[in-house]
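Visitor: Pasting a structure below so you can have a look.
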Amino acid sequence: MYEIWLMLNIVWETLLAAWPWALVFLVCFALLVGAALRRRGSDWRKAWRFALIGAVGVGLLSFLALPSLTQSSLGELRYWVDWLALGGLAAGFAAVAALLLLPLAALLNRQSA
């Protein structure tokens, strides 16, 4: 039980440090979703495909690039916990990319008549 509370505390403290970026993300997401919902003819089915492909690309790129941003490399990852942490960070970046790409792609794609 202690580990769960510790994890929640780490997430909370991280959000406190990064709240301006989280707020910018939420505002951008809300504006994109609102614009896509107001526009008639937005094709959400095609948007899903584009968002998932983009998210996979961002996830792979972040998986490969994140170690070098901390002046490390993939060769330095020795334990499964290191790989799990890197995979979790890459999955987080992929999820953020998917959340932003989905309404953007729906806004830009139009349904065929």
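Visitor: Here is a list: 62, 72. Which entry is loosely packed, with under 15 Cβ neighbours inside 10 Å and among the hydroxyl-bearing types (Ser, Thr, Tyr)?
Guide: 72
Visitor: Let me ask something else. Checking residue 66 against (1) without any contact (Cβ under 8 Å) to a residue 12 or more places away in the chain; (2) farther than 21 Å from residue 28 by Cα; (3) touching a helix residue (DSSP H, G or I) at 6+ places or on another chain (Cβ under 9 Å); (4) not small (Gly, Ala, Ser), which test does it fail?
Guide: If we test residue 66 against (1) without any contact (Cβ under 8 Å) to a residue 12 or more places away in the chain; (2) farther than 21 Å from residue 28 by Cα; (3) touching a helix residue (DSSP H, G or I) at 6+ places or on another chain (Cβ under 9 Å); (4) not small (Gly, Ala, Ser), just (1) comes out false.
Visitor: Suppose the filter is at pLDDT below 90, farther than 13 Å from residue 109 by Cβ and either under 19 Å from the mean Cα position of the chain (by Cα) or exposed (fewer than 15 other Cβ atoms within 10 Å of the Cβ) (or both); does residue 78 pass it? Even if it seems obvious, please write down each step before you answer.
Guide: Values: at pLDDT below 90: yes; farther than 13 Å from residue 109 by Cβ: yes; either under 19 Å from the mean Cα position of the chain (by Cα) or exposed (fewer than 15 other Cβ atoms within 10 Å of the Cβ) (or both): yes.
Judged against the criteria, residue 78 is a match.
Visitor: Tell me, which helices (runs of 4 or more DSSP H) lie completely within region 14-113 with 1 or more residues that are among the hydroxyl-bearing types (Ser, Thr, Tyr)?
Guide: Values: elements: 19-38, 44-69, 80-108.
Fully inside region 14-113 and qualifying: 44-69.
Visitor: Continuing with the same structure: Please go through region 22-63 and give me each residue that is among the polar types (S, T, N, Q) and at pLDDT below 90, ordered by number. First the steps, then the outcome.
Guide: Let us first name the residues in region 22-63 that are among the polar types (S, T, N, Q), namely 42, 62.
Answer for region 22-63, where residues must be among the polar types (S, T, N, Q) and at pLDDT below 90: just 42.
The values are calculated or read from the model by the stated rules, or taken from the named source; none is laboratory data. Owing to the predicted nature of the structure, the values given are computational and were not obtained by experimental measurement. Note that we place each Cβ from the backbone using ideal geometry, even for glycine, and neighbour counts take in every protein chain shown.
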